[in-house]
Structure formats: structure tokens, C-alpha cells
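Shown next, in C-alpha cells, is the structure this report addresses.
The values are calculated or read from the model by the stated rules, or taken from the named source; none is laboratory data. On a predicted model such as this, the values are computed, not experimentally measured, just so you know. Using ideal geometry, Cβ is built from the backbone for each residue, glycine included, and neighbour counts are taken over all protein chains shown.
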Amino acid sequence: MAVRKRAWTTKDGETKSAFLVDYYDRDGDRHFETKATMKEAKDRMAEIRLAMGKGTHTAARKSQTVAQACERWLKKVEADGMRNRGALEKSTTRQYKQHINLHIVPRIGETKLADLNPKVAEDFQQSLLKGLSRPLAKKVFTSFKSALKASGYSHAADGLSIGTEKRKRRLEVGKDIPTPDEVRRLIAAVPAGKKRALLLTVALTGLRASELRGLRWKDVDLKAGVLHVRQRADRFNQIGAPKSDSSTRTVPLDPGALIPALREWKVACPKGDEDLVFPSSSGAVEHHKNMLKGLASVMKAAHVVDRAGEPKYALHAFRHFFASWCINAKAGGGRELPPKEVQTLLGHSSIVMTLDRYGHLFPRNDDRSELAASAKALLG
């Protein structure tokens, strides 16, 4: 590996010069890179020497582009999903394709991997933050880094990430979360059957909509009084694994209202190949919008509506209710469970997620006399 000066004369008789970085790669092939100054050439030579020592250097003429790397990564992801019997959901691969085609390729697709460095990766990161919402930018950048890793170029974006934006507004009871009184009115307004069983299940177990749609009778143990979350249905009605490892969980069932409602519904429940608890009329996976539509009519009947007379809550709001019910003090009709137990019941991947979303709902002891007594005991 060497740096040498090259001089030549143009057709117009003008003398020009440049500096060549002359080196052999690990395959024994010779390469040249031209730089305007000796300093630039020496700096580039040092970069190449360091990258070759780490085994991460690829000459520019041998390098694939970011677009090609993304395409190879996507094919590998799809192939791995097939080998694992479709473990990767269709909606996930669809998102990856959108990340690549709409956001990665238009911005940086033609860049060669050999030309990538932390500065180029950071510029790409900033372009995402300027053009997209933070949550979407984070997902796109994660896909970008996954493609780099699959091609052996993860070092180009080391130390770069897009953090989750903090929730701008706290969830409010009566606005985002149904009040206990509203839930009681809803349950009183719905007759026995699918809607009653569904409403009680989501309010008293906190299952996600996808988990409700994928719930099987064999995962509901009415005798033991528990249900097991072992699968979910995605937006395309495809059955797959739960959202994460922590989403696979066991949730206790209320014996007073929920278990009787499920027993009664099980007799009338349409039978299907998937043995689903809340299927469509033909026994297939129910569409999310149909499930929400069923609860919307109950909300109108119970007058749980907004100022325009429309249903006040989405299906996910009842998951929030379950969380608040688990958190609230027993004196107020809640369960007063510790944060770690709430995290487990909700299937959150970390306690940070639970506290970030619901921390403001946990009871606080603001008793000044208790504070004074504790301080006196400590300080004497």
C-alpha cells in the first residue's frame, strides 16, 4: 500500500497532478483511488489500512449499493420466514418493503457501501428526521441498519440510533381511558353473547386486539380460570406468533362475570378450523373493524359517546382501562398491583414501557405528616 504522485499534461498543454492511493485488497486485486492532495491520500490510506485490519473494507468497484444491500437483506428475511414456517408476518415484510422503496432507496440507494461512513449515515439519519415523524424515522433507520449488518457494514452506522419520542400527552381517564362507571354501563347494556364476552375479556384481561382475534378456545382454561396468549392475528388476518417473547403470557380470568360469559358464548360460538374464541360468523379470523363495529353499537346503547354522538373509545382504550384498573388503589375499586406485575399482565417488553405509559396512574403518597415523620426518624 502506497501513496504516489501522478502528473500529466492535458491536450491544451496544461500540467495537472493528483495523488494515488495504490493498494491490494484481501483478494489480491489491485486498486487505485485518486485524491487531490497528499494529505487526503494519506488519510484515505490510513482508513483503508484500518478497515482491512478489521476485515470490513471493500473496494469501491467491487462494492454493492445500499439499494442492492437492502434487496439482498429483504430476500434473506423472507427466506428465513419461510424456513421458520411463516414466523415472520406478512405485514412485517410489507413494512420493510415500504421502508426500502419509499424512504431508503430514494435518499441513499445509489450510495456504495464502500463509500459509507458514520458521517454519511448520520446525514441520512437527519434527512429521515426532517421528512418523517420520529416513530417512522426510527423504524426506517432500524431497517437500514439491519440491511447494513446483513452485508457486513454495521460499522458504518455504529453508535447511531433514533430514540423514541416521549409521549407528549398523558393518557387521561374519561378521554383516552374509559371510566369505571362507563365500563359498568357498557356491560349492563350488552346482552349475553359474543359482544358481552368480548367486552368483558378486553376490559378484564387487557389483551391487544390482535391477541383477541387470534385467541383459541384451547388457550382458554375455564376450569383453571386462566387464558394463555400464544398467538395473534395480523392486519391481513394471518395467524402468527405474539408480538414479542414477553407477549406470550398467562392472564387470570375473573370468575364472577367473565368466566360465565365465556362459558355461555362457547356454546353458540361458530366453529372453524382455527377454533377461535371471537371468530367471524363463518368461524374465520374476524376483521379488526368488524370487532370494533360490534362494540360501537354497545357504546351508543350505553350513551358512552362523544359530543357528536359517536362511539367514544377505540378497542385499544379498553386495554388502557385494564392497565388503570390493575394500578388503581383498592379503595377506589382497583387491584393496586405492583408495576412489575402490571408489566407481565400487559405483555410489555420492559418495565420502562409500562411506567412511561401508565406511571402517572400509580398511587402516590403525598401525606406531609408521613414525610415529616420519616425525615425525623432518619435525622433524629
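Some observations on this one:
- The stretch 191-218, residues that are in contact with an Asp or Glu (Cβ under 9 Å, 6 or more places away or on another chain) and either over 24 Å from Asp176 (Cβ atoms) or of a type in the set (D, E, K, R) (or both): Ala192, Gly193, Arg196, Ala197, Arg213, Gly214, Arg216, Trp217, Lys218
- Of all residues in the stretch 130-138, at least one satisfies being in contact with an Asp or Glu (Cβ under 9 Å, 6 or more places away or on another chain) and either among the hydroxyl-bearing types (Ser, Thr, Tyr) or assigned by TED's automatic domain parsing to the domain that holds Thr354 (or both).
- Just one residue in the set Val298, Val267, Val277, Val251 is over 21 Å from Ala192 (Cα atoms) and either surrounded by fewer than 18 Cβ atoms within 10 Å (Cβ to Cβ) or touching a residue at least 60 places away in the same chain (Cβ under 8 Å) (or both); that residue is Val251.
- Pairs with Cβ under 7 Å, 6+ apart, first in the stretch 334-351 and more than 11 Å from Ala323 (Cα to Cα), second loosely packed, with under 13 Cβ neighbours inside 10 Å: Ser349/Ser244; Ile351/Lys340
- The condition (being closer than 30 Å to Lys293 by Cβ and assigned to a helix (DSSP H, G or I)) is satisfied by just one residue among Leu148, Leu198, Leu207: Leu198.
- For the stretch 151-172, filtered to residues that are surrounded by 16 or more Cβ atoms within 10 Å (Cβ to Cβ) and either among the small types (Gly, Ala, Ser) or not in a loop (DSSP other than H, G, I, E, B) (or both), the residue that is modelled with the highest pLDDT is Ser151.
Rundown of residues vs (1) under 16 Å from Met299 (Cβ atoms); (2) within 22 Å of the chain's Cα centre (by Cα), yes/no style:
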{"position": "Ala189", "(1), (2)": "yes, no"}
{"position": "Leu204", "(1), (2)": "no, no"}
{"position": "Glu211", "(1), (2)": "no, yes"}
{"position": "Val220", "(1), (2)": "no, no"}
{"position": "Ile239", "(1), (2)": "no, yes"}
{"position": "Lys243", "(1), (2)": "no, yes"}
{"position": "Thr248", "(1), (2)": "no, yes"}
{"position": "Glu264", "(1), (2)": "no, no"}
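- Lone unmet requirement of (1) modelled with pLDDT under 80; (2) of a type outside the set (Lys, Arg); (3) in contact with a Cys (Cβ under 9 Å, 6 or more places away or on another chain) for Ile104: (1)
- Total residues in the stretch 227-261, condition closer than 17 Å to Ser350 by Cβ and in a helix (DSSP H, G or I): 3
- Residue match in the stretch 30-42 (condition: part of a helix (DSSP H, G or I), at pLDDT 75 or above, of a type in the set (Asp, Glu) and closer than 25 Å to Phe141 by Cβ): no
- Failed condition for Ala18, given (1) among the small types (Gly, Ala, Ser); (2) at pLDDT 75 or above; (3) within 28 Å of Lys149 (Cα to Cα): (3)
- Residue satisfying all of: in the stretch 207-229; basic (Lys, Arg) and within 18 Å of Arg319 (Cα to Cα); surrounded by the most Cβ atoms within 10 Å (Cβ to Cβ) among these: Arg213
- Any hit, the stretch 296-310, residues being touching a His at 6+ places or on another chain (Cβ under 8 Å) and hydrophobic (A, V, I, L, M, F, W, C): no
- Test for Ser127: is it among the small types (Gly, Ala, Ser) and modelled with pLDDT under 90: no
- Failed item, numbered, when Ala296 is tested on (1) under 31 Å from the mean Cα position of the chain (by Cα); (2) at pLDDT 95 or above; (3) small (Gly, Ala, Ser): (2)
- Filter result for Arg184 (outside the structural domain of Arg72 (by TED's automatic domain parsing), at pLDDT 90 or above and not aliphatic (A, V, I, L, M)): yes
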